[in-house]
Amino acid sequence: MSDRPAPTPSGMLTALWLALLLFAVLLFGLRGYVTDDTFIHLQFAKHLRDGAGLVFNQGEAVPGATAPLWPILLGLVGKGGADLLRLATTLSALAGFFALGGFFQAARRLLLRPEHAQAATIVWAANAWMARWAVSGMETALAVALVIAGWNVGWNESQAPGPGRRLGVGFVWGLATLARPETALLVALYAGSSFVWPDGALGGAPLRARVRALGAVLIGAAIVLAPYALYAFSLYGSLLPSTLAAKGSGAHGFAVLMEQLWLAAKVAGAVCAIEILACVVLLPRFRHLFRHGDAALHAAIWSWIVLLPLAYAVRALPILSRYLLPILPFIVLYGWWALEHFRLSRESRWRRGVLAAALGLSVAINVVVYEVQVVPHTREFAAGMERTLIPWGKRLAETPPSTLIATPDIGAIGYYSDRRVLDLGGLVTPKIVPLMNQMDYDSLVRSFAFRVAGQPDYLVDRGQGPKRLLHESPYWPALDPIATARTQSLAIAKPGAVDYTLYKVDWRVADSLAALR
């Protein structure tokens with residue numbers, strides 16, 4: 001391949017500003033979008049801010065924060081008096097811009113030609129999933145920014161990365177692990193690959209050098225993870241979030257595995273189809289990277305890209321775009337490296353045309369996904385939240401402080417009502433998890449099986465048809481429907497209308513009916 005040409009600062013900065021403008025336009029088109037999970041983070045942050053600790057229900061120490069760095073950040077910054085929802089959406093968007101800047105730096109380092117780095121950055125700026133989650137007030141954009149930052153810390157041109165650089169990568173990716181737990185796998189992979197290739201190059205190395213490289217990565221991560229682990233164990237008596245058990249419940253098996261893998265392929269392919277195709281078709285060319293770059297860094301990233309969706313599929317965990325988003329910038333980055341290698345291996349006009357077409361197609365595909373899927377969903381979802389969970393949460397704030405509310409969507413209800421929540425999804429109510437392994441959600445609410453975790457004063461039901469439990473549950477005489485509402489888009493992967501009903505529960509009647517069964 002050709003030597004790296006001298007960069008043109010003005011051209012590079014123009015491309016960066018263009019990418020920033022494109023990203024800003026996409027975010028502006030999705031303004032006002034938040035998810036119910038956003039309010040889960042806000043509930044943890046509120047209680048941390050107010051001195052109750054990192055808990056969802058006050059007085060109930062349940063490790064329900066899957067991404068503890070985000071509510072910790074919001075809680076600490078929120079001590080200054082900022083509105084937590086506005087703070088979350090602002091910081092999430094800023095993290096998206098930082099991720100874009102970090103990607104620009106990574107592209108300049110990995111790619112030989114400035115125009116290729118510019119093209120890759122514009123493609124990443126157009127990523128529809130990144131735009132969606134950067135406005136949501138969720139932790140996702142922060143996690144993406146941190147994994148890209150770790151790659152930049154680890155990059156050392158053709159020189160062997162020293163222990164200090166590997167320690168820095170471990171530290172940054174340790175922070176990313178607290179932002180998204182999937183990054184723990186990346187830390188482990190980088191530690192292992194650093195042991196195999198301590199000098200960054202293929203070939204043998206002394207055992208002492210291997211151990212030093214391995215230890216540097218693990219120490220860097222431990223600087224971040226060990227203090228949180230001590231805090232979590234002292235508060236919860238556990239190191240792992242309860243969400244792993246709750247979200248991993250349900251059917252397993254080969255058919256489920258293949259279905260999950262296909263779903264992951266669709267999620268990633270919807271926005272990175274051109275780059276995935278380039279990586280697959282030009283896979284043999286990546287030998288050059290391992291021979292002339294940091295084999296440990298590249299091996300860790302590539303292994304993570306493959307193993308993360310597989311880990312989700314094996315565990316039968318839900319595969320959402322925000323869960324896979326941290327690997328997508330690397331698919332784009334290495335996809336454009338492959339395209340560049342294809343072009344520069346033999347200079348010709350048609351090869352340059354291939355890259356121009358790749359840029360146009362990548363941006364066009366993401367614009368289509370953005371307009372056809374993301375915009376309609378985010379607008380309807382935001383409107384649905386304003387019709388259902390948010391006003392109901394505010395309404396329930398007028399109930400007695402001892403009120404217990406059962407709901408499958410705990411975020412806005414818990415945050416606005418400031419009342420204890422019985423989580424029908426099991427995330428912050430562990431007693432529900434064994435029931436989820438025995439029955440689906442509909443059976444859980446129809447049979448009142450959730451009563452093993454408490455007797456809620458109010459029940460929020462989500463299903464097909466308003467007031468459906470009055471027709472489907474044997475406990476219908478104990479239910480007094482006080483509000484109903486419909487949303488047209490619960491999730492992109494689950495289109496269609498969903499009805500919510502808020503019931504007041506009379507447990508004297510429910511107990512009498514239970515005694516007759």
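The values are calculated or read from the model by the stated rules, or taken from the named source; none is laboratory data. The structure presented is a predicted model; accordingly, all values stated were derived computationally and were not measured. Ideal geometry is used to build each Cβ from the backbone, glycine not excepted, and the neighbour counts take in all protein chains shown. Quick note on the areas: whole protein, heavy atoms, side chains included, nothing else; ligands and nucleic acids left out. Shrake-Rupley method; radii C 1.70, N 1.55, O 1.52, S 1.80 Å.
Before moving on, here are some points about what is shown:
One line per residue, one yes/no per condition, for (1) modelled with pLDDT of 95 or more; (2) part of a helix (DSSP H, G or I); (3) out of contact with any strand residue (DSSP E or B) (no Cβ under 7 Å at 6 or more places or on another chain):
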position	(1), (2), (3)
119	yes, yes, yes
137	yes, no, yes
145	yes, yes, yes
156	no, no, yes
161	no, no, yes
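- Residues of the range 299-328 that are surrounded by fewer than 18 Cβ atoms within 10 Å (Cβ to Cβ) and of a type in the set (Gly, Ala, Ser): 303, 311.
- Condition met for residue 295 (open to solvent by less than 10 Å² (accessible area, probe 1.4 Å), within 24 Å of residue 214 (Cα to Cα) and modelled with pLDDT under 90): yes
- Scan of the range 348-383 for residues that are under 21 Å from residue 281 (Cα atoms), among the charged types (D, E, K, R) and either surrounded by 14 or more Cβ atoms within 10 Å (Cβ to Cβ) or touching a helix residue (DSSP H, G or I) at 6+ places or on another chain (Cβ under 7 Å) (or both), ordered by number: 351, 352
- Residues in the range 202-224 that are open to solvent by less than 40 Å² (accessible area, probe 1.4 Å) and assigned to a loop (DSSP other than H, G, I, E, B): 205 alone.
- Which listed residue is of a type in the set (Val, Ile, Thr), within 23 Å of residue 306 (Cα to Cα) and modelled with pLDDT of 85 or more, from 217, 224: 217
- For the range 107-122, the set of residues classified as closer than 14 Å to residue 97 by Cα and open to solvent by less than 10 Å² (accessible area, probe 1.4 Å) consists of 121 only.
- Meeting the requirement of 1 or more residues that are closer than 28 Å to residue 308 by Cβ, modelled with pLDDT of 95 or more and among the hydroxyl-bearing types (Ser, Thr, Tyr), the helices (runs of 4 or more DSSP H) wholly within the range 328-409 are 328-344, 349-369.
One line per residue, one yes/no per condition, for (1) outside any helix (DSSP H, G or I); (2) modelled with pLDDT of 95 or more; (3) open to solvent by 30 Å² or more (accessible area, probe 1.4 Å); (4) more than 30 Å from residue 156 (Cβ to Cβ):
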position: 20; (1), (2), (3), (4): no, yes, yes, no
position: 63; (1), (2), (3), (4): yes, no, no, yes
position: 82; (1), (2), (3), (4): yes, no, yes, yes
position: 85; (1), (2), (3), (4): no, yes, yes, yes
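- Qualifying residue in the range 37-52 (condition: open to solvent by 10 Å² or more (accessible area, probe 1.4 Å), within 16 Å of residue 412 (Cα to Cα) and of a type in the set (A, V, I, L, M)): yes
- Residues of the range 482-508 classified as in a helix (DSSP H, G or I) and open to solvent by 50 Å² or more (accessible area, probe 1.4 Å), total: 1
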